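What follows is a single structure, written as structure tokens, with notes after it.
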Amino acid sequence: MNDFFDGFWGYYIATVVLGGIIWCLWLLFSQRKWLVKRTPGVVEDTGHVWDGDLRELNNPVPRWWTYMYVLMCIFGLGYLVLYPGLGAYQGSLGYTSALEVKEDQTKQNEEVKPVYARFASMDIPAIAADPEARVIGQRLFLNNCAQCHGSDARGAVSFPNLAQGDSMYGRTPEAIQTSIAKGRNGVMPPMSATIDAKTAGEIAQYVRSMSGLAHDQIRVIPGKRAYLNNCVACHGVDGKGNKALGAPNLTDDVWLYGSSEATIVHTILNGRNNRMPAQEHVLTPEQIRLLTAWVWGLSGGKDVTASAAMSSDSAK
Ligand code: HEC
Ligand code: HEC
């Protein structure tokens with residue numbers, strides 16, 4: 001109920017819920033004259049007749065039905081005492097479905113702990129080369145990452161391809177682990193206030209030329225000038241990007257959004273705001289370590305820096 005800004009909606013819901021039950025009971029009570037015993041064999045009718053001979057009978061409600069109706073109302077009230085349902089009131093059992101999921105997860109994580117124990121003393125390249133770790137890594141990926149990055153990790157528009165050498169934030173184990181644990185938010189500001197559509201088209205031609213794609217040689221000249229004025233702070237003079245900012249390399253013909261002039265112009269004029277959700281609340285540190293190794297191994301595992309032999313402590 002913490003999405004309510006004040007108490008009003010809590011009371012509102014409680015009133016609707018209790019009002020519903022009271023209304024049901026009132027309805028039953030107000031119709032009680034139908035409950036009285038009738039003379040057997042005599043059937044009353046309401047006096048309504050249709051099509052000449054269709055009569056509406058007025059039979060009493062069966063007793064079993066009445067009892068069931070009352071029992072249902074009592075059940076409902078009992079439920080509302082035990083479980084959340086009355087606005088902000090949490091129920092006397094303290095039950096929440098989120099808590100139930102959390103308990104299940106904790107229990108399951110305890111159960112699989114021994115499986116991960118073996119990898120605690122291994123560094124990332126060793127885990128990436130371990131066949132069992134690779135199977136676990138791939139399963140974790142299919143369950144937690146494939147919905148965005150694709151089951152082959154090759155991504156889609158706006159979801160990076162993890163199975164190739166280029167990367168926005170870097171392919172070192174640390175960079176991959178940070179991407180997974182903390183999430184990422186790549187922001188390029190919109191520039192339509194300072195750059196008009198014609199200039200944006202020229203810049204797009206220059207960007208295409210940097211990746212060796214077909215381009216208009218005449219428009220590239222003003223395009224390069226405008227690029228140097230507007231883009232180097234993030235993408236660099238050489239266009240190779242900036243991993244600290246997550247500004248992509250524009251020279252490698254690897255595209256998050258696409259290489260057409262229209263797509264690049266759209267990026268320049270409207271900016272981009274792309275988010276990967278942090279996984280550290282969903283996955284255990286051990287799982288994140290195995291995923292880090294798996295993703296690192298995907299792109300050939302070439303980007304080993306001096307610190308690639310990350311100790312298991314830094315994953316905790
Ligand atoms: C809800 C969609 C979503 C899910 C789920 C998701 N990602 Fe991502 N991921 C993204 C997006 C979007 C980006 C790019 C963020 C940006 O542009 O700054 C990204 C970026 C990354 C990067 C950095 C890529 C680079 O070029 O440096 C890595 C590594 C990564 N994700 C791995 C994973 C792994 C492993 C998982 C599963 C635990 C995962 N992601 C789950 C959407 C997702
Ligand atoms: C403030 C930093 C910043 C500036 C300035 C900036 N960019 Fe970007 N740009 C980024 C970031 C960050 C991304 C990645 C967005 C994402 O993660 O989705 C990006 C993405 C892009 C892309 C998409 C690449 C792809 O793979 O699809 C293109 C193209 C691009 N920028 C071109 C430009 C051009 C041209 C300029 C100058 C007019 C420019 N950027 C200025 C930060 C910047």
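The values are calculated or read from the model by the stated rules, or taken from the named source; none is laboratory data. Since the structure is predicted, the reported quantities are computational estimates derived from the model, not experimental observations. For neighbour counting, all protein chains shown are included, and Cβ atoms are generated from backbone atoms with ideal geometry for every residue, glycine included.
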Unmet requirement for residue 199, which otherwise passes all of (1) more than 9 Å from ligand 2 (Cβ to nearest atom); (2) more than 16 Å from residue 160 (Cβ to Cβ); (3) not aliphatic (A, V, I, L, M): (1)
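Quick check, is residue 187 within 13 Å of ligand 2 (Cβ to nearest atom) and buried (at least 18 other Cβ atoms within 10 Å of the Cβ)?
So residue 187 fails the test.
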Boolean, residue 262 is part of a loop (DSSP other than H, G, I, E, B), more than 9 Å from ligand 2 (Cβ to nearest atom) and over 19 Å from residue 166 (Cα atoms): no
Residue match in segment 38-60 (condition: of a type in the set (A, V, I, L, M), assigned to a helix (DSSP H, G or I) and either loosely packed, with under 10 Cβ neighbours inside 10 Å or not assigned by TED's automatic domain parsing to the domain that holds residue 132 (or both)): no
Options 121, 179: the member that is among the hydroxyl-bearing types (Ser, Thr, Tyr) and either within 20 Å of residue 281 (Cβ to Cβ) or within 12 Å of ligand 2 (Cβ to nearest atom) (or both): 179
Every residue from segment 265-282 that is closer than 13 Å to residue 179 by Cα and either of a type in the set (Phe, Trp, Tyr) or in a loop (DSSP other than H, G, I, E, B) (or both): 277, 278, 279, 280
Residue selected from segment 238-254 under the condition more than 13 Å from residue 167 (Cβ to Cβ) and crowded, with 19+ Cβ neighbours inside 10 Å, by the criterion farthest from ligand 1 (Cβ to nearest atom): 239
Pairs where the first residue, in segment 12-33, is at pLDDT 90 or above and the second is among the hydroxyl-bearing types (Ser, Thr, Tyr), C-beta under 8 Å, 6+ apart: 14/89; 24/69
